[in-house]
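Written below as structure tokens is the structure these notes are about.
Just so it is clear, none of the values below were taken in a lab; they were calculated from the coordinates. Computed from a prediction, not measured in an experiment: that's the story for all the values here. Reconstructed Cβ throughout: ideal geometry from the backbone, glycine too, with neighbour counts over all protein chains shown.
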Amino acid sequence: MTGQGHRFRSGDPCLPGGNGDAGNGHAGNGHAGKWDAGNAALELVILAPVLLALLLLVIAAGRTTIAQGSVDAAARDAARQASIALTPGEAQASGQASALAALRQDGLDCVPHVHVNASQFTTVQVGQPAQVTALVTCRVPLADLALPGLPGSVLLHATFTSPLDLYRER
């Protein structure tokens, strides 16, 4: 072997032009693709339901988060409107109307329950700190997502308290 250098055999599967193609990582007769036939379809069949379920969970989380923001805003609006009212009855009415209008404007699909606690209008003396509290409860449907294990609806609630003017006529 002296003076001849290193020689390659002509049938070496690791060389271009040999029995295999060194670029594809498969040695042999050049029919390496036959073992992969149908694997992509099988992977899609296995992964599609998982990806769909993940997408539906993201949609449910987004819907719940957006709805909770709307319920929070409705409670805040109700408490603020109730706090500028002059009587407890007016506070109840304006708080409920404000919360319902806020939920309707946001397009939230639920039947809300609004409770405005305006008892401090009459129980706290003028000049003393007082507040009005609004509680908004809303059941948001999730059944249309048809994801097994997901509840048919979720109950959201928010409470907000707003101060009354110390020297307001009560």
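So, counting K/R as plus one and D/E as minus one, what does the shell of residues with Cβ under 11 Å around S162 add up to?
Values: positive: R76, R80; negative: D77, D165.
So the surrounding residues net to 0.
Mind ranking 144-156, 91-103, 58-70 by how tightly packed they are, going by the mean number of other C-beta atoms within 10 angstrom, highest first?
Taking the mean over residues of other Cβ atoms within 10 Å, the ranking is 91-103, 58-70, 144-156.
Determine, for each peptide in 157-163, 81-87, the mean count of other beta carbons within 10 angstrom over its residues, then list the peptides with the highest first.
81-87, 157-163
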